[in-house]
Amino acid sequence: MLTYIIRRLLMVPLLLFGVTVLIFAMLQFLSPIERSALYVRDIPRNDKAVEGIIKRYKLDRPMHEQYWFWLVGTVDASTGKRAGGILFGDFGYSRTGAEPVATLIRNRFPNTLDLTIWAVAPVILVGIWLGVQAAVHQNSIIDQAARIFSIVGTSFPTFVFGLLMLMFFYVKLGWFPPGRMSDASSIIVRSEEFHTYTTLLTFDALLNGRFDVFLDALRHMAMPILTLSYISWATFLRVTRSSMLETLRMEYITTARAKGLSEHDVIFKHAQPNAMIPVVTLAGFSVILLLGGVVITETVFNYPGIGQAAAIAAAQLDVITVLGFALFNGLILIVSNLVVDVLYAVVDPRVRLS
Amino acid sequence: MRKMFALLSLLVVFSMALAACGAPAPAAEAPAVEAPAATEAPVEEMGPASQYIGSGMLDGNGIPSDFFADVHIRKAFSYAFDWDIFIADVLQGEAVQAYQLPLAGMPGYDPEAPHYTFDLEKSAEEFKLADLDHDGIPAGDDPDGDVWTTGFRIQMLYNQGNTTRQAIGEILAANLGTVNELFSVEILGLPWPAYLAGQRAGTIPIMSAGWQEDIHDPHNWYQPYTTGSYGGRQNMPADMKAQFKELLDKGVSETDPAKRDVIYKEMNQLYYDLVPGAILTAGISHAYEQKWVEGRVYNPIMSGDYYYPMSKTAEAKDPTIFNNVTFGDAETLDPARVYDTFSGEIVQNVYETLVFYDGGATDKFVPMLAESWTVSDDGTVWTFQIRKGVKFHSGSEMTPSDVAYSFQRGILQGGTSSPQWLLAEPFFGAGMDDIAAVVDPEGSVYDDRALMQAFDPAALVAACEKTKAAIVADDAAGTVTMTLAGPWGPFLPTIAQTWGSVMEQKWAVEMGAWDGSCDTWQNFYVSEPDINPFIVTNGTGAFKLDHWTKGEEVVLVRNEDYWREPAKLERINIKEVDEWGTRFAMVQAGDVDITDVNLEDTPQADKLVGEVRFFNTEANAYDPAVPLCSIDETKIGVEKFIACAAGETGTGGPLRLLIGRPNILQTVIIYNFAIK
């Protein structure tokens, strides 16, 4: 097991490197002027500015020189400071984020991670519970309602649902505002007494003993989590339901019932654990999707995560930023896949022993 | 494991092969970009490379590359644009036809200026007068055939997603087809990199070019469209450029507004006669604020909002906290580099300039950090008496040396992506658009710090000395003396903008900026935000920067030690919410005091309007607010809004609408005289 994990982890940098080389190669098909277009949003007011960009980013140098600069960056003669170089962790400057790409990801990812952590329980656990209930009470009112609920949920566009939530919970009721935190919390968080331990707002608030900031953060996350939940429950419900139904038909369930076990034990000790395997796959994918930044939800609720940043970058053709996000998402994907694989071994003893 | 390595090495090899195939493209591009410099006059034997002119010949299937060099063709195209349909359908009535480039409130503005109108008969007449086969016989009478009998085919380009540019092309195309069915204009959308490359290579025959003014002055309009960037893009012939340049230099070096008015009116006539471009429209404002907002200065040339005079009435939720919710983000906070509205708004409120606008007036200036100023008789020497007792946010007192340092630093930092060309020209002469031109008149060091650092040290020191000699501080006398290359009409409008902000020298040096020595200035040449993120501020303004969380918000707090009465507002939250639906929800919830609304979303926001302030063109100011009674959807533009008659109560909506002021953005269709 350990060697398996280590081998998989060693692949990560190599795979990512290969992807970056491929994208770099594809960009070389464009002429220097066309590549300079990636650094400006509209035709510059001064025509000389395009030449300036080409010079600054060395877009007209031979390909191998450009590749070398891209890898190790350039050193300013007067200050000795190095600029650029992905080997030194500089993934370039984000035009849309107004800061280096690495900094942008570092600032935005904790917000998305915070949202994911608090969304996991409602999305996955409630979704699974709903599916189990639907399966156990098959063909009853509960089941019918659950299936209708799941159809509506899958077909409802996130965007529309999000705006409806905004109208109802924010404009009408004033319960859950959009954004990350209120002005008052912002002042507290920025003050000197507030120490950052984990960069995750909710946990830092708890660690600093500021329950008001904690509740405020949760309040702002309520709508995104509700929106994500509603869309995901539909899928979780159906997969869990069908998996449970299949498991409940197994012979060992009949045996368990025959042995006289309580219905509760039959369902939750014997049926559900065995039904969880396809659900683990789905849960893994859900977490990966959440970690990658749910673009539409973050945009509608103005939640400053990496999804929103990536969407803005893509809309404004900020290729450098998009490339940085692609690499980061790739990293998340590979690591998360590895975690899911390990989870299989944990959940299913058959995988462990084989 | 071995398989993974094999896959990876295959991937790398494949990428290298791809790149090697792509590599010849840069080499091929270089001669094409240099060719425009070599070719002077438009000659059809050159065999143009442009793929947007069809066959490249006058055979009905294309156009020759000197198509637009014929003034009658340019006139014919200009008569074929339907302003009414464009304004009504595409801009929803929120624009006016611009008769000339100067705007209201500046010399040269003339409501009676000669202008083109939508007249297909005149268009046909002009086509018949054209002589594209250069045989001396106008096309209408030419027995061998000319453009009127052969027709033409041309492609008009826009960058994908820009529906306004697309619509302009379609209107032109439809009307030209009506004039003569042999005239065919195709509208083609290009991806952004291809559009930029085509524009730089001079292959685009005709395109729409908008300009937003940097300063409220006719020079800032005519310069780009004649001798500057757009004139270059059009490959304007040298003799035509010379004609414009003569008037341009005359106008900019004249300081008497009445005399400038005469010169720019001449320029209007010249632009009308030569018609290098068809002037389209100037947009009008359509701005909202909550009814409890007071004191908002609506000056279109300011960068965004100026918060000092603003306040909120007591009915507002938090009367001292102001929420401005908008889209976009700042780029940098270096006053010498800021050249966009968002960053400009922050600099405008945190820093101050020597002079500033008198409220909403675009042509009147009041003392700010300069108490008074005098100009020498020949107009070249400006002496500013610097105000005493003004403190920076750091606590230090502002001195004339700080003023001089700020201007010198900006000019020496230069960079073609920055607004410093607006200061380089008055100090070094028209046409000198960067310190690089002073260092090397051959223009080899533009935008290249490494090349600048490697240049002849004597020339570097000389350029710095020249700059310092032009801007001299006398701390004892409390003055700063600026010596221009020649009299400069728009000097006050130029230094009233954000690039004229005053920074504290000591603080800037502590932050790592230029130390003021002529031996080191080249190490700071062209400080782009990616290598020099300047995100700290220290100005004299009524507000201090509390924090800038990129992509989220910018918060300003009141400066309690301001040299005037402190502002009424305590805190300004500029929140960045790109999504209109979310912004609208925030407006409805009352969490927003002002916001920016795109034209297509205004019908939604209009439903919340309770009061309107109409713009009065004679007074050049907004009328007082009147309650809004109804919106007439059958009308467009300003007429849509029906104010209440006496005694009627209005809709009671929470927003106040300000509508009708021509803004500082105009669009012009420019013709390419020599299509490559």
Of all DSSP beta bridges having both residues in the stretch B:25-283, the percent classed as antiparallel (nearest 5) is 35 percent
For the stretch B:292-558, using Cα atoms only, the Rg and Dmax in Å read 18.6, 65
Rg from C-alpha atoms of chain B, normalised by the globular rule of thumb 2.2 N^0.38 Å, equals 1.04
Note on chain B: contact order normalised by length, alpha-carbon pairs under 8 Å, 6 or more apart, percent, works out to 19 percent
Taking every DSSP bridge whose two residues both lie in chain B, the antiparallel percent to the nearest 5 is 75 percent
The simple spin-label model distance between residue B:137 and residue B:3, using points 7 Å out along Cα→Cβ, in nm, is 7.9 nm
Averaged over residues of B:188-199, the number of beta carbons from other chains lying within 10 Å of each residue's Cβ is 5
Ordering B:603-615, B:409-421 by per-residue average of other C-beta atoms within 10 angstrom, highest first, gives B:409-421, B:603-615
Within the stretch B:75-159, DSSP-loop GluC sites (Glu not before Pro) with at most 12 other C-beta atoms within 10 Å are B:112
With the charge dipole of chain B built from beta-carbon charges (+1 for Lys and Arg, -1 for Asp and Glu) about the Cα centre, the Cα from B:187, B:462, B:342 projecting farthest to the positive end belongs to B:342
Candidate span helices, chain B: DSSP H, at least 27 Å along axis from Cα coords, Kyte-Doolittle average at least 1.0, result B:2-22
Taking only the Cα positions of chain A, the convex hull volume per residue in Å³ is 212 Å³
Mean other chain Cβ within 10 Å across A:21-29 is 6
One computes Rg over Rh for the stretch B:25-283 from alpha-carbon atoms, with the Kirkwood Rh, and obtains 0.96
Restricted to the protein assembly as shown, the DSSP antiparallel beta bridge percent, nearest 5, is 75 percent
Given Cβ charges of +1 for Lys and Arg and -1 for Asp and Glu, the option among B:173, B:224, B:115 whose Cα lies farthest towards the positive end of the dipole of the stretch B:25-283 is B:224
If one compares the long axis through the Cα atoms of helix A:63-72 with the longest principal axis of the Cα atoms of chain A, the angle in degrees, nearest 10, works out at 70 degrees
Placing each pseudo-label 7 Å from Cα in the direction of the beta carbon, residue B:327 and residue A:7 end up separated by a distance in nanometres of 5.1 nm
Any trypsin sites (Lys or Arg not before Pro) in the stretch B:292-397 that lie in a DSSP loop and have at most 15 other Cβ atoms within 10 Å would be B:317, B:364, B:388
Farthest towards the positive end of the dipole of the stretch A:15-90, among A:15, A:71, A:30 and with Cβ unit charges of +1 on Lys and Arg and -1 on Asp and Glu, lies the Cα of A:71
In nm, the gap between the two label points placed 7 Å beyond Cα toward Cβ at residue B:371 and residue A:258 is 10.6 nm
Across 10 Å bins beginning at 0, the whole-percent shares of Cα-Cα pair distances in the protein assembly as shown come to 2, 9, 16, 21, 21, 15, 9, 4, 2, 1, 0, 0
About its Cα centre, the protein assembly as shown carries a charge dipole, from +1 on Lys and Arg Cβ atoms and -1 on Asp and Glu Cβ atoms, whose size in debye to the nearest 20 is 5340 debye
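Just so you know, all these numbers are worked out from the coordinates, no wet-lab data involved. In this text, all values refer to a predicted model and were calculated from it rather than measured experimentally. Neighbour counts are summed over all protein chains in view; Cβ atoms, including those assigned to glycine, are modelled from backbone coordinates with ideal geometry.
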